[in-house]
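**Q** I have a structure here, written as structure tokens, and I will follow up with some questions on it.
Since every read-out is calculated from the coordinates, none of them should be taken as a lab result. Bear in mind that the values here come from a model prediction, so they are computed numbers and not experimental data. Here the Cβ positions follow ideal geometry from the backbone for every residue, glycine too, while neighbour counts run over all protein chains shown.
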There are 2 protein chains.
Amino acid sequence: MRDLKDVRRDINAIDHEILKLFLKRMKCAEEVSDYKMEHGGQVLVPSRETELMNTMLQDIPDELKLEYSSLLRTTTRVSRKHQYARMLEAEPQRLQLDLHPRNNDPKTVYYGGLPASYADIAAKDLFPHAQRIPQNSWEDVFHAVLDGKADIGVVPVENSTAGTVNEVYDLLEQYGLYITHSHIKRIRHCIAACKGASFDTIKEVHSHPQALRQCQQYIKQHNLTPVEESNTAVAAHAIAQSGDLTRAAICSEAAARLYGLEILEDHVNDADFNQTRFIAVSRFLSTQEADTRVSLVLTLPHIVGSLYGALAVFADYGVNMTEIHSRPLRDMPWNYCFYIDFDGNLLRQDTRALIYQTMQECSYVRILGSYSVTQDSEVKA
Amino acid sequence: MRDLKDVRRDINAIDHEILKLFLKRMKCAEEVSDYKMEHGGQVLVPSRETELMNTMLQDIPDELKLEYSSLLRTTTRVSRKHQYARMLEAEPQRLQLDLHPRNNDPKTVYYGGLPASYADIAAKDLFPHAQRIPQNSWEDVFHAVLDGKADIGVVPVENSTAGTVNEVYDLLEQYGLYITHSHIKRIRHCIAACKGASFDTIKEVHSHPQALRQCQQYIKQHNLTPVEESNTAVAAHAIAQSGDLTRAAICSEAAARLYGLEILEDHVNDADFNQTRFIAVSRFLSTQEADTRVSLVLTLPHIVGSLYGALAVFADYGVNMTEIHSRPLRDMPWNYCFYIDFDGNLLRQDTRALIYQTMQECSYVRILGSYSVTQDSEVKA
């Protein structure tokens, strides 16, 4: 048995040999891309890749077939990356994005919920000069933006404890809108009730299902019955209207104040850290130099390794994916679209090449937006 | 400019050269694994891989650094795969799974909902001889299984239109239970009301939020107000009790019959295809030869490419991932655990090697179960 050092010296030598061949192969890829720019033709030709794979696998012992397949797949994938970059540099018009100027100062902003809901506070943080108009549902917000009644809509997409807001992602795709801003809001729930109420009188606690879940332990400890409402501010408003001393609301401090409720206890979330990420949506795709994040949605065929193949492209570009999740396709049972957020900027060459490769190689890709992520500074805890 | 054929001939020749070197490198990997079996030591030594990467990248032009990084990462990853397989073959005890015999005929099965809810029907499909006990919540089901009051619990995990049931995944992890069966149930909602009610009298429609969403278009067309209830059967029961002719329920045909409601219209789901996948959960991890699927949960550090790295391992084994989704970690804000379902069997050598590699290379992995997926045959439409 040889010492590990000696084996590793061999490995390093082999890797240097492979590197030389790899660089030669990339030169060939350049010839291929030049040929295809001249004569036309897709970079990815599945039949050619399958043929190459089958030829190569003939000479490989069974126990290494899968290992070599991974290597060859990576080789051809990064070869395509190299070709796309070269083509896009020579012909930037290959990637056409319908980019509009960013509207950072909208006149009219619609949000889901009542005044003093967390969405309202987030909308105010983002657009302090805008007129903010409450809507009954997220769909109404999307509708107003699509119609042009609203310049911007503000809706939640993710909470640090409850996870993704699936419905909003569905609406993004359904209405074809674009994300222009993203804002992380610290959520600090209080429990509030009408004047005269106390922990001796209250039996029920009303709030949005997610807020109830975020305060689950607290609700159990105080032996309260949770009752679902469409929004935290709706709950506060309804309880204020009822005058009922047996009911309390879980809502923001601002909502309790606005509707004239008394705060029985502040900061009742189970997790000390509770944040919700909101997005601003517009009819237009826009970008600016300061943007740090890109979102897109893609559809993948339900075959072995297709998700991996799509993610591998992102890894090849060295980009950081900050979010990925799947949603079922309504019209194609058990087929999924994937929502991906990553660090990038649509004005940067590498981001553009990544998007170009993804668009060439996936059956459906839509850019959902380019934006930066801000965070509120209000940390009273 | 050379013809594509000539360039491709060169590429094929280069690939054959690379293959020879690859096979030599795998021989070296075998030496490394033998050394480590003899002297101890982890297969994955991040510092060694970083050092190798840095050394190699010195000689590469900038525009090919990322491309080569992907190639080297794949090379080292499949080299580790080869080593794990070799070690596990020599020393099968390296992977210890606490496997129990499968209980295919439980005495007591708990489910969330009322009799004639879809969960009840799924439980009956799976375990026709068991006593079925309804529970108010999914958490109560998990509690009863953990306590040993129930042999098995039946809960939904995914719907073909509404997507993943996040809460059930959270409970799986929280209660440390295991999936033993999976059953796909065709969901066919009807709209039902008390005797004497008609589309002229009904104003409200009560049901589970997911069922309401599945019938969204229908509800809009008939100008009904949706009202959320905890369960479709709960909605049917409540309306039967109320005798109120202005309210209808969206529920199963079985629930309408059980609670004495009249069916106003059958098959009111928007999507023609509407299925829910249920799982059976037990205290014990079990497997049997006929199982076709494995579920696991893993935690990933929030660094560039960590998700891709984990998925790449699955791709290296050529396994089909049927489901992946992330959930935020309650105690670690913006960190996620990933739930992955894939085609495999815990008795098979390649599945065991894949799990072994994942366990060695991820900070946290738990097998959530081994099972097969059955489908109900009731297709009346």
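**Q** Considering the options B:Y178, B:F127, A:A233, tell which one lies farthest towards the positive end of the dipole of the protein assembly as shown, charges being +1 on Lys and Arg and -1 on Asp and Glu at the Cβ, about the Cα centre.
**A** Of the listed residues, the answer is B:Y178.
**Q** Residues of B:306-318, mean number of Cβ from any other protein chain within 10 Å of their own Cβ, rounded to a whole number?
**A** The shielding value for this peptide is 6.
**Q** Another one. Most exposed first by the Cβ proxy, i.e. fewest other Cβ within 10 Å, how do A:C215, A:C194, A:C251 rank?
**A** Neighbour counts put them in this order, fewest first: A:C194, A:C215, A:C251.
**Q** For B:K149 and B:L329 in one chain, what is 0.36 nm times their gap in residues minus the Cα-Cα distance, to one decimal in nm?
**A** Going from the current span to full extension adds 61.9 nm.
**Q** Given a cut-off of 27 Å, name the pairs among B:K24/B:K65; A:K81/B:K5; B:K20/B:K81; A:K220/B:K220; A:K185/B:K203; A:K203/B:K203 whose C-alpha atoms lie farther apart than that in the structure shown.
**A** Long pairs (Cα-Cα over 27 Å): A:K220/B:K220; A:K185/B:K203; A:K203/B:K203.
**Q** Going by how many other Cβ atoms sit within 10 Å of their own, how do A:H222, B:H237 line up, fewest first?
**A** Details: A:H222 16, B:H237 23.
If I rank by nearby Cβ atoms, fewest first, I get A:H222, B:H237.
**Q** Next up: Can you give me the angle between helix B:232-242 and the longest principal axis of chain B, using Cα atoms only, in degrees from 0 to 90, rounded to the nearest 10?
**A** Here the helix axis deviates by roughly 20 degrees.
**Q** Among B:Q131, B:Q96, B:Q58, which one moves the most in a GNM of chain B with springs linking Cα atoms closer than 10 Å?
**A** Judging by the Gaussian network model, the answer is B:Q58.
**Q** Can you pull the one-decimal nm distance between simple spin-label points at A:A13 and B:N12, each 7 Å off the Cα toward Cβ?
**A** For the pair A:A13/B:N12, the computed spacing is 3.1 nm.
**Q** Considering the zone a paramagnetic label at B:Q349 would reach in this model (a point 7 Å from Cα along the Cα-to-Cβ line), which residues of the stretch B:71-86 have amide N under 14 Å from it?
**A** From the stretch B:71-86, the list is B:82-86.
**Q** Average partner chain C-beta neighbours within 10 Å, per residue of A:3-10?
**A** The shielding value for this peptide is 4.
**Q** Could I have the simple spin-label model distance between B:S363 and A:R2, label points 7 Å from Cα toward Cβ, reported in nm to one decimal?
**A** Simple spin-label model gives 3.6 nm for this pair.
**Q** What FRET efficiency comes out for A:S242 versus B:H222 if R0 is 30 angstrom and r is the Cβ-Cβ distance? Round to the nearest 0.05.
**A** Efficiency computed from Cβ-Cβ geometry: 0.50.
**Q** Now a separate question. Output the 0 to 90 degree angle, nearest 10, between the alpha-carbon long axis of helix A:349-361 and the longest principal axis computed from the alpha carbons of chain A.
**A** Computed tilt is about 80 degrees.
**Q** Next question, about the same structure. Can you tell me the dipole magnitude for chain A around its Cα centre, using point charges on the Cβ only (Lys, Arg +1; Asp, Glu -1), in Debye to the nearest 20? The partial results should precede the final answer.
**A** Details: 40 positive and 51 negative charges, 77 e Å.
I would put it at about 380 debye.
**Q** Going highest first, how would you order B:277-283, B:86-92 by mean Cβ packing within 10 Å?
**A** Going from most to least packed, we get B:277-283, B:86-92.
**Q** For an R0 of 60 angstrom, estimate the FRET efficiency from the Cβ-Cβ distance between A:H267 and A:K27 and round to the nearest 0.05.
**A** Values: r = 62 Å, r/R0 = 1.04.
Efficiency, from the Cβ-Cβ distance: 0.45.
**Q** Sticking with this one: Where the centroid of each part is defined by its Cα atoms, how far is the stretch B:216-235 from the stretch A:27-91 in Å?
**A** 52 Å
**Q** Using a simple charge model, +1 on the beta-carbon of Lys and Arg, -1 on the beta-carbon of Asp and Glu, nothing else, what dipole does the protein assembly as shown show about its Cα centre, in debye to the nearest 20?
**A** Details: 80 positive and 102 negative charges, 107 e Å.
With Lys and Arg at +1 and Asp and Glu at -1, about 520 debye.
**Q** Moving on to the next point. Is it possible to state the helix-based mean residue ellipticity at 222 nm for chain A, with each DSSP H run of 4+ residues giving -39500 (n - 2.57), the sum divided by total residues, to the nearest 500 deg cm²/dmol? What is it? Could you put the intermediate results ahead of the total?
**A** Numbers: 12 runs with 159 residues, N = 381.
Using -39500 (n - 2.57) per qualifying helix, the result is -13500 deg cm²/dmol.
**Q** May I ask for the angle, rounded to the nearest 10°, between helix B:138-147 and the longest principal axis of chain B, with both axes built from Cα atoms and the value confined to 0 to 90°?
**A** The answer is roughly 70 degrees.
**Q** Which of B:L72, A:A192, A:H16 sits closest to the plus end of the dipole of the protein assembly as shown, meaning its Cα is farthest towards the positive end, when Lys and Arg get +1 and Asp and Glu get -1 on the C-beta?
**A** In the protein assembly as shown, that residue is A:H16.
**Q** What is the extension gain from B:E289 to B:Q42, computed as 0.36 nm multiplied by their sequence separation minus the C-alpha to C-alpha distance, in nm to one decimal?
**A** Extra length from B:E289 to B:Q42 when fully extended: 85.8 nm.
**Q** May I ask you to list the lysines whose Cα is less than 20 Å away from that of B:K107, ignoring any residue fewer than eight positions away on the same chain?
**A** Cross-link targets: B:K124, B:K149.
**Q** Could you give me D for the protein assembly as shown, from Stokes-Einstein at 4 °C and 1.567 mPa s, where the hydrodynamic radius is the Kirkwood radius over C-alpha pairs? Units µm² s⁻¹, please.
**A** Rounded to a whole number, D works out at 45 µm²/s.
**Q** Can you give the FRET efficiency for A:F199 and A:L57, using 1/(1 + (r/R0)^6), R0 = 56 Å, r = Cβ-Cβ distance, to the nearest 0.05?
**A** That gives a FRET efficiency of 0.20.
**Q** Another one. What average count of beta carbons from other chains do you get within 10 Å of the Cβ of residues in B:30-37?
**A** The shielding value for this peptide is 3.
**Q** Cα atoms only, the stretch A:183-340: Rg and Dmax in Å?
**A** 21.4, 62
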